[in-house]
Amino acid sequence: MTVPHRCGFETQREEVTSERLPVEGDLPAWLTGRYVGNGPGQFEVGSRTLGHWFDPLAMVRGFAIDDGVTYTNRFVRSRDYEFARERGQVRTQFPGTAPDRPVWTRVRQALTGVFPDNPVIGVARIDGALAAITESPVALTLDPQTLETTGRIDLTAGLDADLTLGHPHYDPWRECLVNLGISYGRETTYTLFRRDGESVAPTATVDFDDAPYVHSFALTERYAVLPAMPFGLDPTALLLGAITGTTFVDAFERFDRPGEFVVVDRETGEVAARNRVDPLFVYHHANAFPDGDELVVDLVGYRDQRAVTDLTLANLRSEHPTIPRGDLQRYRLPLDGGRATGETVREGHMEFPVVDYPARLGESYDRCYVAEADGPSALPTRLARVSVPDGEAVTWHEPGTFPGEPIFVRAPEDADAEGVVLSVVLDAETDGSFLLVLDATTMDELVRAPLPHRLPYGFHGQFYATDDPVRSMA
């Protein structure tokens, strides 16, 4: 039986440069800039099939929009990629795939903190350069026109950290990047820091007895909020994995403690509150903002660690995959440290919550955009403009397609529109992909631009306007 979503998890080796795409519809005259996304490109190394959705070799994809659409895609030439290409082997410990290295090499990597440099999560502008990023000590810089890999940036320079998160924030109040660094040892330490050009300044640290996994965090002008939930790594199991061949996913577990949100005061560097909450797993936040003596935090929440462990490629490619359910949820965090309270804004299998960023970052807002499925599909089947906090939605859907992360692009004030939503859509019926442009208010289709090939389903991207090259999401 044909499994339509399976093509989203299949390798695409073709690379093209500056290919002019056919455009069906009329692009808004004000929409000029570059949309650059990131995600899986190659799902095998040598004779091995990689194990987890976070393992494949990264492929960046870019769309230059200016009275037309020009498309370029490239594999990121990381050390992991070059090792795989030259030797047909896995160089380092991927989340769900053990390296093809002798035991003594694997032990040395584990003891000295050698992490993958395969940057498959997203992109960012760092020190003025476009870069592909992941949860790693390094970012790989890219030529913004050709997307060729041009160099490396040490993201831990100036920090006592082993790696940094793949979801930095742009701070519009201080005009800098803000991120978290992670250090593993007897304790796990998260370091909040700001990056202004090449200047790196730690601003706060938070220590944990265990090793909670934090994929992203929420930010307001004064506060940063870490979702320190009871799901993460067993460091001993991960270290032993260097000998036994078990992986990050194998070492991922539930801890015997409640969940908590840790609120850090960015002005003092102190922990302002630790708000206990029933356990939930979080990949992505929509937004956060102050409301009287509370912080409101909106996110996509999952029930448990299966949000990580169920994302094996074998499961996702299957005819009936088991898919963790993520709901859009709102939590209220009392700044006096009281227990957090939560409610569900919209039920469903959804991900990639995006707001008008950074214009509405840290402020009360009325809508966000998500990719969601109308059932337990391995991939999203529609895009939704969700009213917050009532959860009502306007959607775009086309049978046989799987839309990617929605990116909101605000229209200039003199334009007769609120903005547009960009998404790269996988078309299973044609075994192709296309760039989709929607009216951000009505979710009506304005434009589609078919690609010359199918792209595997991607993760995160950014739109950088020609006259305002600031990131469009966290």
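The values are calculated or read from the model by the stated rules, or taken from the named source; none is laboratory data. Every value quoted in this text rests on a predicted model; they were computed, and no experiment measured them. As a convention, Cβ positions derive from the backbone with ideal geometry for all residues, glycine included, and neighbour counts pool all protein chains shown. Accessible surface is based on the protein model in full, side chains and every heavy atom, while ligands, DNA and RNA are left aside. Shrake-Rupley method; radii C 1.70, N 1.55, O 1.52, S 1.80 Å.
Assorted remarks:
- Consider region 227-258 and keep the residues that are in contact with a strand residue (DSSP E or B) (Cβ under 6 Å, 6 or more places away or on another chain) and open to solvent by 30 Å² or more (accessible area, probe 1.4 Å). The one that is modelled with the lowest pLDDT is D234.
- Being at pLDDT below 95 and either open to solvent by 20 Å² or more (accessible area, probe 1.4 Å) or farther than 29 Å from R61 by Cβ (or both) is a property that T203 lacks.
- Residue ID - least open to solvent (accessible area, probe 1.4 Å), chosen from residues in region 206-216 that are assigned to a loop (DSSP other than H, G, I, E, B) and over 17 Å from L280 (Cβ atoms): A211
- Here is the figure for region 406-439: residues that are closer than 18 Å to G33 by Cα, part of a loop (DSSP other than H, G, I, E, B) and either open to solvent by less than 10 Å² (accessible area, probe 1.4 Å) or touching a residue at least 12 places away in the same chain (Cβ under 8 Å) (or both) total 6.
- Taking region 88-131 as the range and being of a type in the set (V, I, T), open to solvent by less than 30 Å² (accessible area, probe 1.4 Å) and assigned to a loop (DSSP other than H, G, I, E, B) as the test, the residues that pass are V90, T92, V120, I121.
- If you go through region 297-310 and keep only what is within 24 Å of A384 (Cα to Cα) and surrounded by fewer than 20 Cβ atoms within 10 Å (Cβ to Cβ), you end up with just R303.
- Some residue of region 445-457 being assigned to a loop (DSSP other than H, G, I, E, B), surrounded by 20 or more Cβ atoms within 10 Å (Cβ to Cβ) and aromatic (F, W, Y): yes
- Single condition D374 does not satisfy, out of (1) charged (D, E, K, R); (2) open to solvent by less than 30 Å² (accessible area, probe 1.4 Å); (3) touching a Lys or Arg at 6+ places or on another chain (Cβ under 8 Å): (2)
- Scanning region 217-273 for residues that are aromatic (F, W, Y), in a strand (DSSP E or B) and free of Cβ contacts under 8 Å to residues at least 60 places away in the same chain yields one hit, F252.
- Qualifying residue in region 70-87 (condition: modelled with pLDDT under 95, on the phi < 0 side of the Ramachandran plot and in a loop (DSSP other than H, G, I, E, B)): no
- The residues of region 413-423 that are among the hydrophobic types (A, V, I, L, M, F, W, C) and either more than 22 Å from the chain's Cα centre (by Cα) or under 12 Å from H453 (Cα atoms) (or both), listed by number, are A415, A417.
- Only one of the numbered conditions (1) at pLDDT below 95; (2) surrounded by fewer than 22 Cβ atoms within 10 Å (Cβ to Cβ) is not met by T141, and that is (1).
- Filter pass, S318 being assigned to a loop (DSSP other than H, G, I, E, B), in contact with a strand residue (DSSP E or B) (Cβ under 8 Å, 6 or more places away or on another chain) and either more than 29 Å from D256 (Cβ to Cβ) or among the aromatic types (F, W, Y) (or both): no
- Qualifying residues in region 321-332 (those that are among the basic types (K, R) and not in a loop (DSSP other than H, G, I, E, B)) - the one most open to solvent (accessible area, probe 1.4 Å): R332
- Residues being open to solvent by 20 Å² or more (accessible area, probe 1.4 Å) and among the hydroxyl-bearing types (S, T, Y) - total across region 377-404: 3
- E343 open to solvent by 50 Å² or more (accessible area, probe 1.4 Å), farther than 20 Å from F217 by Cα and either more than 22 Å from the chain's Cα centre (by Cα) or at pLDDT below 95 (or both): no
- If you go through region 1-26 and pick out every residue that is open to solvent by less than 40 Å² (accessible area, probe 1.4 Å), within 27 Å of V409 (Cα to Cα) and outside any helix (DSSP H, G or I), you end up with 2.
- Test: residue in region 172-180 that is among the aliphatic types (A, V, I, L, M) and either modelled with pLDDT under 95 or not in a strand (DSSP E or B) (or both): no
- The residue that is most open to solvent (accessible area, probe 1.4 Å), counting only those in region 28-82 that are closer than 25 Å to L311 by Cα and among the small types (G, A, S), is S47.
- Screening V345 on (1) in contact (Cβ under 8 Å) with a residue 60 or more places away in the chain; (2) β-branched (V, I, T); (3) closer than 21 Å to D304 by Cβ shows it passes everything except condition (1).
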